[in-house]
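A short worksheet on the structure shown next.
The values are calculated or read from the model by the stated rules, or taken from the named source; none is laboratory data. Since we're looking at a predicted model, the values are computed, not measured. Glycine also receives a Cβ, built like all others from the backbone with ideal geometry; neighbour counts cover every protein chain displayed. The protein model used for the area step is the full one, side chains on, heavy atoms only, and it has no ligands, DNA or RNA in it. Shrake-Rupley method; radii C 1.70, N 1.55, O 1.52, S 1.80 Å.
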Amino acid sequence: SIVTCATPLAMVVLAGLFLHEHIRLRDILAIATALAGVALISLEGLRPNVGATPLHWLEGIATLVAAAVTWGLYSLFLRLITRKQSSLTATGISNALGFFILLPMFIPRGGEVIATVTTRPVLAAAIVYLGVVSTFLGFTLWTLGLQQVSSVSASSLMFFCQPLAGTILGMLVLH
């Protein structure tokens, strides 16, 4: 939840720096206030002396910051592409880049994975679903949303609706 709420702040700051979008102080204050509230709720009850060294805490914080910044950069990358290409093309480009970046991690065990998938059709169907519906369709809709609104609007509207949408879908699907 902290990553989800830190991302809008990173996205807005990066959009101001790289895309020269107008950012008001009240936008940053609103996002920072929301982030502070989520951090207070998420970190309630955690004690630094329970099994984690200060280095572990710093590593965790660095990971949270890195996740927020990389998602912000990814979203800005999509905004730049959609200035000249459709959201479908932008998603295709980003998915292809992701595929080739992750391919070296797959190659060492690729034969074993392919053998497992070919013997279990349900697993193959699940992989196709995750690849097409969850990934390609989901990211195409995200890119289309980014194309329609400013970074401030995207970060404040889309990111803070995720927990609500997740809760509602969880209740409908998992209950």
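Look at (1) open to solvent by less than 80 Å² (accessible area, probe 1.4 Å); (2) more than 30 Å from Phe18 (Cα to Cα); (3) modelled with pLDDT under 85 and you find that Met158 fails only one, number (2). Ser134 fulfils the conditions (1) farther than 30 Å from Gly16 by Cβ; (2) among the small types (Gly, Ala, Ser); (3) more than 14 Å from the chain's Cα centre (by Cα) except for a single criterion, (3). Here the helices (runs of 4 or more DSSP H) wholly within the stretch 66-134 that include at least 1 residues being touching a residue at least 60 places away in the same chain (Cβ under 8 Å) are 87-106.
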